[in-house]
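Here is the structure we will look at, set down as structure tokens.
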Amino acid sequence: MGRFLAGRLAATLPVMGVVAVIVFLLLRLAPGDPAAILAGDAASPEQIAAIRARLGLDQPILTQFLSWLGRLLQGDLGSSIISNQPVAKLILERIEPTLALATTTIVFAVLVAVPLGVLAAWWHGTWVDRAVMAVSVLGFSVPVFVLGYLLIFGFAMQLRLLPVQGYVSITEGLWPFLSRLILPTLTLSVIYIALIARTTRSSVLEVLGEDYIRTARAKGIGETQVLWRHALRNAAVPVISVIGLGIALLISGVVVTESVFNLPGLGRLTVDSVLARDYPVIQGVILLFSALYVVINLAIDLSYLLFDPRIRY
Amino acid sequence: MSAENRTMPSPVTSPLASRLATLPPALRHPGVLFGLAVLLIVGLAALAAPFLWTGDPILLRPRLRLKPPSSVAWLGTDAFGRDVWTRVVYGARVSLAIGFSVAASAVLIGLFIGLVAGYLRRLDAVVMRIMDGIMAIPSILLAIAMVTLSGAGIGTVIVAIAIPEIPRVARLVRSVVLSVRSEPYVEAAIGAGTRLPMLLIRHVLPNTIAPLIVQGTYVCASAILTEAILSFLGAGIPTEIPSWGNIMAEGRQSFQIAPWVILFPGLCVAATVLAVNVIGDGLRDALDPRTARRVGALR
Amino acid sequence: MSQPVLSITGLTVPLPYGADRANAIEGLSLSVGANEIVCVVGESGSGKSVTASAVMGLLPPALKPSAGEILLQGEDILKVAPARLRALRGSRMAMVFQEPMTALNPVLKVGEQIAEMLEAHAGRSGREARRSRVLDLLGDVHLPDPPSLAKAYPHQLSGGQRQRVMIAMALANDPALIIADEPTTALDVTTQAQILKLLKELQARRNAGILFITHDFGVVSQIADRVVVMQRGRLVEEGRADEVLTRPRDPYTRMLIAAVPSAEPPPARPRQQAAAPILAVRDLTKTYGGRGLFGGGRAVTALDGVSLALQPGETLGIVGESGSGKSTLARCVARFVDPSAGHIRIGGDDIALLPPRELRPYRRRVQMVFQDPYRSLNPRRKVGQSIIEGPMNYGLSKEAALARAARLLDLVNLEKGALDRYPHEFSGGQRQRIAIARALAMEPDVLIADEAVSALDVSVQRQVLELLEDIRERLNLSILFITHDLRVAARLCDRLVVMLGGRIVEEGPTAALFANPRHAYTQALFAAAPKLRLAAS
């Protein structure tokens, strides 16, 4: 168990290192003059030179990397080109709506998708199965923002059931908070539900074909118990692992969903920075999300210990 | 029981089927037929765009701003008075071109990296850590960063979308290579003195083709979606070239009064991506179930 | 004799359309009395396992019995309601499966899985009562330390221990009928002997009837009261075990029994002593692992200082159970695995530690025939392409290589037309012949057969063994023959090496070793090997 922990932890370090190097090199290896692109078309040579100096692009690349990495390790993500504020501060200000949306989405998606997947596997080959699979392939195909606009159009504009856009903190009451999160959560969770339901289905189907399921049936126990006691726990690991891998999908979706629903979170921050060509902020958000992805997947790897007694390195 | 009935030869490993890349049984799949039909229609429309009662896709007509669908403008007009039908038909060119070129480049590069990682053990750890690193960066954000730094343009967008897809392909190929290289027939070939390039071409590569075709369709679907998202966020195709993504991006401000500007390109994206996904699923069903699962886990 | 526990009459199970024959089982009738062990014997595809599943009501949905009845203590399994069938399963009939490695749920403790059997069928309520019953059962199957074993997970047990757990589970509710589907096939021979003994002992004590499915007449002769022989879904012969074994009436049964290699080595082949061995292995060692990121990691020694010599024209048998290192040895000699230390001399050159690049000239001189005939030929390449690949790598022209391939196919008794066909058009035995031809096409100094006949049915196994006997005489082949089966080794090998835990514990001429095994492990191995107890065959 200790070995397993140490091994997993050690495996995440190189991944984080690679992420840092890629993010660093992005700016340096970009074709053309990134400083000129960031400065915009109307910029004077002085402005471009100022940006170049700010980003440290005028120094040798190794010096740049070491000083950048040193600051990074102290938690310094640099500061915005536009507002001059530290990136870390900008991120902290915007993190609450994003966390709220991500949490509601994960909870909702798992609660919907896992039962759907199990049902599809259980009724394999019937209309239930085909319906779940059809909905899931549809979920993979509709762009997140189109779905968002459809929901706004239907629920907020036509039926007037829910607020169109915006965000209210939970400190101002549960319903105002939740009511503004319902549509974004629905929007964002569709693709996630499709992913998890599919994986659950195939994982449960695979387990149902295992020898020990035949053994369980030979014991004369009921089919529901075969499913609950013998199949689900064995099917859990691939499902949990795809929940973790799906975080990447979720993060991409957050950026779009926040734009559609005007939620002042990290996604909006990113999009605003893209429009303003504020690269340090984009870079900070990428680093944060990548680290989050790695940490969540580490936690998920560790959670296998709860589900499978065989994992013990 | 002995090996006699433990390993029934599956239809896919039969040489005839593999030679035709498993297409004949797969073609009979209703989903694949449907998908191919939709794709064919969209593809033909894109090719024949100037002849499909279209006008000038970038002609600004301030007097015809935000007109709802009518007999003059079938799908209405956008905030600059441009004809949405015309722009959607021309946009199909961009979306399909991006879908196919991203799929082709990601599959080819991923295939190469996967073969290298799977066969040259010394490079494996390093290459796969780099792949893990790329996978850890949310793909949209990576693409956004690249487009922001290099300026908008079709080429940049293709590269920006393809790079995050490469690790998935590479991992798939690597896992196929790792399982194939322990097959006795590969060992027999090593024992027969077959050199590495020949070994890969004759004995390893053919096993990767079927799963790669499936993975390629998924990459294509995902690329079309990602282009739409990037353009929608303002980090994609420049507005002079109509693409489904940037038509919708320009419809954002006026969404509440002119939903058609987003709705119709949105439907086109959804239908095309659905068609490609359904083809992928159909081909996957026609494949050996074990390979299929490997593809599924990575999508 | 009272009413039989199980009585099958006229059972027919059709196969789905497109199978190689109409019915998996056709008009099968058999019965199992209380306190009786009935063996159903047959080769693969005989329908014996379908029979077992049909009795348990566990046939896959594609297979539905179309005629006949299966009476369990007078109750027709094919007609009872699903709920009743469930109630019967596990209480009045129970099953022990072939693969102990996969038949137990990996995430539940052994004790829980046995207790579940008790829970599922009324009569033994109360957690405490169940607990003590589980411990009793684990004791009954002679598992050590039942209290701690009940808390173990399946992966912590050996194959034999898991099979004992399966048996304990089957016995939990004192069933009238136990169905054992090849319960010892996946086990080593010494473990197999123990499990057979256990089954016999428990059956005698509990008055249960056992329907025992097997492909091995050696096992039959050790355990059966009565025998049912099946071929392609039909019963071909039935009778008391000693009668069927000594006086088989049906030609198929006779062929099957004759095909079982006897444990008596044939008279030694006359051979002149050669001056130098063609293959000499000295102090060969292979260690796995031990070089983790943190320098720790458990190192496993698969080979521990093995030395042996193979004379030209000799067949040297390497016998051992799973984990003995015999396959690692073969793979080191063929250099599919890099040895950690030691020497492998082939005609004077030491290839043990050569880097891959310099190895190529030597590859030709050692060729291997693999265990699984279904995976040893590339399914996408024609048989001819597979055979000529090697010779052409070493510079032979395509015409010459094809001519050689045609000659070799003739040698292994296959038509020349096979060159242009694909592997999937051939049976397992034919594929193994092709694999032998492919190896011989390289004109190797040493042929390694790694369990090359283990996956084959006995009748096919016999043909391949005869082929090997024939061609080694004709070509004066030197063979390293790896096997777990002493009977096969006895038939083919001039000399034997017995391996245990990565070491050689005993070696000698086959006849001498059989007559007088000295090492305790060799003696145990000999005692456990299922022998046909026949007057003469």
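The numbers here are math on the coordinates, done by the rules we state, and not lab data. Remember, predicted model here, so these are calculated numbers, not experimental data. All Cβ positions, even for glycine, are placed from backbone atoms using ideal geometry, and neighbour counts span all protein chains on display.
Computed about the Cα centre, the dipole magnitude for the protein assembly as shown is approximately 160 debye when only Lys and Arg (+1) and Asp and Glu (-1) carry charge, each at its Cβ.
What is the pair-distance distribution P(r) of the protein assembly as shown, computed from all Cα-Cα distances in 20 Å bins starting at 0, with each bin given as a whole percent? For the protein assembly as shown, the pair-distance distribution reads 10, 34, 34, 18, 4, 0.
Specify the residue with the greatest mean-square fluctuation among A:Val144, A:Val168, A:Val260, computed from a Gaussian network of chain A linking alpha-carbon atoms under 10 Å apart. For chain A, modelled as a Gaussian network with Cα springs under 10 Å, the answer is A:Val168. Across B:Val169, B:Val276, B:Val126, mean-square fluctuation computed from a Gaussian network of chain B (C-alpha pairs under 10 Å connected) peaks at B:Val126. DSSP finds beta bridges in chain C, and of those with both partners inside it, around 50 percent are antiparallel. The modelled label-to-label distance for the pair C:Glu243/A:Trp228, using points 7 Å beyond Cα in the direction of Cβ, is 5.2 nm. Based on alpha-carbon atoms, the Kirkwood radius and the radius of gyration of chain B give Rg/Rh equal to 1.07.
For B:Leu44 and A:Thr103, the FRET efficiency from 1/(1 + (r/R0)^6), where r spans their Cβ atoms and R0 equals 51 Å, is about 0.65.
With just the Cα atoms defining each centre, how far is the range B:64-89 from the range C:219-291? Give it in Å. Taking the Cα centre of the range C:219-291 as reference, the centre of the range B:64-89 is 83 Å away. Under the convention that each Lys and Arg Cβ holds +1 and each Asp and Glu Cβ holds -1, the size of the dipole of chain C around its Cα centre is about 780 debye.
The Cα center of the range C:21-38 and the Cα center of the range C:376-409 differ in position by 46 Å. For the range C:303-370, place one equal point scatterer on every Cα, skip the solvent, and apply the Debye formula. What is log10 of I(q)/I(0) at q = 0.12, 0.23, 0.28 Å⁻¹? Cα-only, vacuum Debye calculation for the range C:303-370: -0.31, -1.21, -1.64. Relative intensity of the range A:28-109 on a log10 scale, I(q)/I(0) at q = 0.12, 0.23 Å⁻¹, equals -0.53, -1.12, per a Debye sum over C-alpha point scatterers of equal strength in the absence of solvent. Pairwise Cα distances in chain C exceed 36 Å for 41 percent of all pairs.
Backbone phi angles across the range B:181-193, fed through the Karplus curve with coefficients 6.51, -1.76 and 1.60 (θ = phi - 60°), yield HN-Hα couplings of 5, 8, 5, x, 5, 6, 5, 4, 5, 4, x, 7, x Hz in residue order; Gly and Pro are listed as x. Between A:Gln47 and A:Leu29, the modelled labels are 3.0 nm apart [label points 7 Å from Cα along Cα→Cβ]. Computed from the C-beta positions of A:Arg310 and B:Leu178, the FRET efficiency with R₀ = 30 Å rounds to 0.90. Peptide B:126-133 shows a mean partner chain C-beta count of 5 within 10 Å per residue C-beta. Projected onto planes of every orientation and averaged, the convex hull of the alpha-carbon atoms in the range C:93-174 covers 4.9 nm². Comparing Cα centroids, the range C:88-115 and the range A:1-76 end up 57 angstrom apart. For the residues of A:133-143, the average number of beta carbons from a partner chain within 10 Å of their own beta carbon is 6. Compute the angle between helix C:159-171 and the longest alpha-carbon principal axis of chain C, please, reported from 0 to 90 degrees and rounded to the nearest 10. For helix C:159-171, the angle is close to 20 degrees. Excluding same-chain neighbours fewer than eight residues apart, the lysines reachable from C:Lys382 by a Cα-Cα span under 16 Å are C:Lys398, C:Lys416. In the protein assembly as shown, the DSSP beta bridges split such that about 55 percent are antiparallel, to the nearest 5. Shielding value for A:304-310 is 3, the average number of Cβ atoms from other chains within 10 Å of each residue's Cβ.
Once backbone amide H atoms are built at 1.01 Å from N, C:Val40 has C:Phe212, C:Ile213, C:Thr214, C:Val228 as its partners under 5 Å, excluding neighbours fewer than 5 places away on the same chain. The calculated FRET efficiency for the pair C:Ala512 and A:Trp127, based on their C-beta separation and a Förster distance of 51 Å, comes to about 0.10. Shape call for chain A from the C-alpha gyration tensor, a ≥ b ≥ c root eigenvalues: rounded (a/c under 1.5), prolate (a/b greater than b/c) or oblate? Oblate, since a/c reaches 1.5 and b/c is not below a/b. With 31 Å as the limit on Cα-Cα distance, the pairs of A:Lys219/C:Lys531; A:Lys219/C:Lys197; A:Lys219/C:Lys200; C:Lys48/C:Lys531; A:Lys219/C:Lys79 that go past it are A:Lys219/C:Lys531. Stokes-Einstein diffusion for the range B:137-205 at 10 °C, viscosity 1.306 mPa s, with a Kirkwood radius from C-alpha pairs, works out to 109 µm²/s. For the range C:61-197, the orientation-averaged shadow of the C-alpha convex hull comes to 9.5 nm² (one quarter of the hull surface).
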